[in-house]
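Since the structure comes first, as structure tokens, the remarks are kept for the end.
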Ligand SMILES: CCCCC/C=C\C/C=C\C/C=C\CC/C=C/C(=O)SCCNC(=O)CCNC(=O)[C@H](O)C(C)(C)COP(=O)(O)OP(=O)(O)OC[C@H]1O[C@@H](n2cnc3c(N)ncnc32)[C@H](O)[C@@H]1OP(=O)(O)O
Ligand SMILES: Cc1cc2nc3c(=O)[nH]c(=O)nc-3n(C[C@H](O)[C@H](O)[C@H](O)COP(=O)(O)OP(=O)(O)OC[C@H]3O[C@@H](n4cnc5c(N)ncnc54)[C@H](O)[C@@H]3O)c2cc1C
């Protein structure tokens with residue numbers, strides 16, 4: 001981090017006011033002092049590479065140049081990772097330094113994030129031995145090609161076909177229709193030479209559902225598409241410009257039998273199909289990434305909050321009192337209302353991610369012992385937390401952008417790009433509504449089990465407690481609020497279930513009744529997610545090892561999250577819990593007191609995310625607060641400012657003006 005010598009005086013004052021040790025917060029957030037040290041050390045190593053610095057902002061490059069620059073930097077970055085591993089004999093620590101280098105999305109994201117994990121998770125030991133060393137060392141580059149033009153959500157409806165030919169012991173890949181073309185996979189456009197292709201398996205004319213296959217699609221020397229492969233890039237998007245998303249179609253393209261990833265289901269030489277223990281294990285990579293996305297949401301909320309809070313400390317506009325100088329905009333309670341929830345939410349998502357990661361690791365361990373009991377709970381929880389956190393994080397980033405006024409609209413604030421990237425997660429890896437409906441299936445089953453008095457999995461056991469406790473009076477404490485959210489979820493689950501029953505009694509079949517109740521089902525899943533987020537984050541804060549000074553502030557943040565959502569969803573609480581109007585008025589006052597209490601620590605709290613200027617990549621959010629200087633410096637980099645008179649003056653403006661004189 002920069003020193004304080006050249007710092008904006010407002011930020012210096014803000015930092016002097018902080019009531020806790022920022023380094024303690026950093027170490028707590030990232031796990032330990034050692035983890036902080038290692039992460040910073042690695043970031044230093046990356047930032048020391050001169051070739052990774054951009055000469056001009058990426059926004060001035062063409063689509064093609066931007067991609068090429070992204071690939072260039074991704075390969076250099078990959079060398080830094082490799083060298084670190086060789087020197088330290090372990091992977092670099094978790095970090096977000098790619099954001100300082102690639103800025104948008106790396107063309108290797110899908111290689112590292114899904115191609116390699118799918119081989120590791122879906123391949124037999126022999127398949128792992130064949131492909132993992134090559135993929136991990138980047139001798140081959142891959143992606144995860146599942147979504148098609150016609151189908152993304154409903155993957156059983158995918159149309160890419162893999163037909164087994166027992167004579168040659170090969171699969172023949174075909175994309176028989178336009179809608180069957182793969183569409184979206186990152187890196188597919190012009191980067192990768194391999195992919196995991198998810199296709200419908202046919203043996204002797206019989207369908208056996210979707211399975212993952214490894215296909216080499218480009219020549220390793222020339223990078224030309226292999227015969228029978230049609231591949232290209234899908235064009236500009238709202239964000240993800242350097243992710244290199246692509247399309248792909250096969251025409252009688254043959255791959256050997258061993259290229260079907262066979263950890264779960266298998267196809268024997270003679271064409272015998274051997275079912276796996278659970279066909280949904282084929283969806284395993286998606287579950288892993290959904291868990292990771294909850295962690296990403298914490299990062300994006302932290303990034304936007306850091307930019308907007310620092311900017312709001314530096315920016316002065318209007319007066320609170322006519323007799324006093326113009327106020328820092330951070331002193332307006334409305335500004336605090338916009339920003340502090342982003343700071344609090346980042347902590348909530350972080351704790352939820354760590355909790356989910358534990359659940360994921362446990363279930364993977366159990367699956368390795370052929371125990372599947374907890375897989376449905378993992379799937380249901382990953383679906384709803386990914387859905388709710390990504391949408392909330394997108395809204396928080398946008399609120400931070402709006403809170404920066406006009407300057408938040410500048411690309412150089414990095415908030416527009418951050419919004420584009422954050423909001424993409426609402427759709428990718430499972431569209432929000434679709435995932436919430438998956439959780440709703442689980443909730444309906446849990447509800448039926450609760451009615452029968454059965455023991456429920458930990459994440460839904462509150463349904464049983466709520467059945468017993470629904471008459472207890474409301475308590476205006478954090479624990480009471482957590483219970484309140486559980487009552488809301490309980491009430492919505494029950495109402496959705498009863499709505500389905502009502503339609504069925506009217507003669508509808510279950511599927512139609514489900515569709516008619518689906519708005520309620522989605523809301524039940526959202527309420528379930530909120531209950532989990534509140535419970536997990538409050539428990540994490542209560543059990544944290546923080547010093548009293550830090551603990552006080554972390555509790556304020558967690559309470560802010562609880563009261564914010566109580567007030568946002570007060571209608572639900574009035575419907576489904578025993579909260580009263582008077583309780584809500586007390587909580588409204590409490591919320592405002594929390595904003596005021598957090599205010600002196602606002603800059604300290606965002607410093608506690610420890611995001612370097614290079615990662616923030618923002619004129620508004622840098623550590624030293626030189627906002628106006630940076631805005632001007634960045635504006636001067638515009639190619640339009642590299643010449644006094646642009647040629648369009650002579651070509652168009654002058655002729656127009658002269659014509660106007662005639
Ligand atoms: C921890 C470290 C993390 C590191 C990673 C971190 C960061 C990310 C890194 C990289 C990635 C970043 C960006 C990625 C870019 C984007 C990539 C993509 O988008 S890839 C494509 C993703 N596509 C989807 O997500 C498709 C969504 N659709 C589905 O998943 C399925 O179609 C759906 C909706 C689940 C339905 O499947 P279907 O087979 O039709 O099932 P049913 O609805 O009939 O349900 C049947 C039962 O199966 C259960 N089920 C479904 N899925 C699972 C699962 N994954 N696991 C376990 N069980 C599952 C379901 O609950 C039903 O059970 P019941 O019958 O109710 O008992
Ligand atoms: C930035 C980005 C990167 C991506 N990267 C990859 C990648 O690397 N590899 C890959 O394979 N894919 C990738 N995808 C594709 C992504 O996984 C799909 O877009 C996503 O799963 C949603 O599917 P869809 O586009 O078919 O949406 P649709 O399912 O068509 O959704 C459209 C609407 O229909 C509704 N809907 C659909 N089904 C139902 C239902 N059963 N009940 C109620 N409503 C429903 C949805 O709620 C939504 O409102 C990427 C997408 C994006 C945006």
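Each reported figure results from applying straightforward, stated rules to the coordinates on display, with no laboratory input. Because the structure is predicted, anything quoted here is derived from the model rather than measured. We place every Cβ from the backbone using ideal geometry, glycine too, and count neighbours over all the protein chains shown.
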Problem - Spin-label pair residue 504/residue 646, simplified geometry with 7 Å Cα→Cβ offset, distance in nm - result: 6.5
Problem - Among 643-652, 473-482, 499-508, 430-439, the order from most to least packed when residues are scored by Cβ within 10 Å on average - result: 430-439, 473-482, 499-508, 643-652
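Going by the alpha-carbon gyration tensor, a ≥ b ≥ c the square roots of its eigenvalues, is the stretch 467-607 rounded (a/c under 1.5) or, if a/c is not under 1.5, prolate (a/b greater than b/c) versus oblate?
Values: a/c = 2.72, a/b = 2.26, b/c = 1.20.
Judged from the Cα gyration tensor, the stretch 467-607 comes out prolate (a/c at least 1.5, a/b above b/c).
Can you give the relative contact order of the stretch 467-607 as a percent, counting alpha carbon pairs under 8 Å and 6+ residues apart? Display every interim value, and only then the final one.
Details: 117 pairs, mean separation 46.3, N = 141.
Taking the mean separation of contacting Cα pairs over the length of the stretch 467-607, I get 33 percent.
Run the numbers on the chain and let me know its relative contact order in percent, using alpha-carbon pairs under 8 Å that are six or more apart. Can you show the working numbers first?
Numbers: 1046 pairs, mean separation 107.1, N = 662.
Relative contact order here is 16 percent.
Calculate, for residue 177 and residue 68, the FRET efficiency according to 1/(1 + (r/R0)^6) with r their C-beta to C-beta distance and R0 35 Å; round to the nearest 0.05.
Working: r = 33 Å, r/R0 = 0.94.
For R0 = 35 Å, the calculated efficiency reads 0.60.
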Handout entry: Extension gain, residue 549 back to residue 636 (0.36 nm per residue minus Cα-Cα distance, nm)
Key = 26.9 nm
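Between residue 56 and residue 323, what FRET efficiency comes out of the Förster formula 1/(1 + (r/R0)^6) with R0 = 60 Å and r the beta carbon distance, rounded to 0.05? Each step should come with its number before you reach the end.
Details: r = 46 Å, r/R0 = 0.77.
For residue 323 and residue 56, the calculated efficiency is 0.85.
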Problem - Pair residue 223, residue 431: separation of 7 Å Cα→Cβ label points (nm) - result: 3.4
Handout entry: Residue exposure sequence - 612, 530 - by fewest surrounding Cβ within 10 Å
Key = 612, 530
Handout entry: Taking the stretch 279-418 and dividing mean pair separation by its residue count, relative contact order in percent (alpha carbons under 8 Å, at least six apart)
Key = 35
Fill in the blank from the handout: Highest mean packing first, using Cβ neighbours within 10 angstrom, the peptides 448-457, 239-248, 75-84, 252-261 sort as 239-248, 252-261, 75-84, 448-457
Practice task
Sort the chain into rounded, prolate or oblate with this rule: let a ≥ b ≥ c be the square roots of the eigenvalues of the Cα gyration tensor; rounded if a/c is under 1.5, and if a/c is not under 1.5, prolate when a/b is larger than b/c, oblate otherwise.
Solution key: oblate
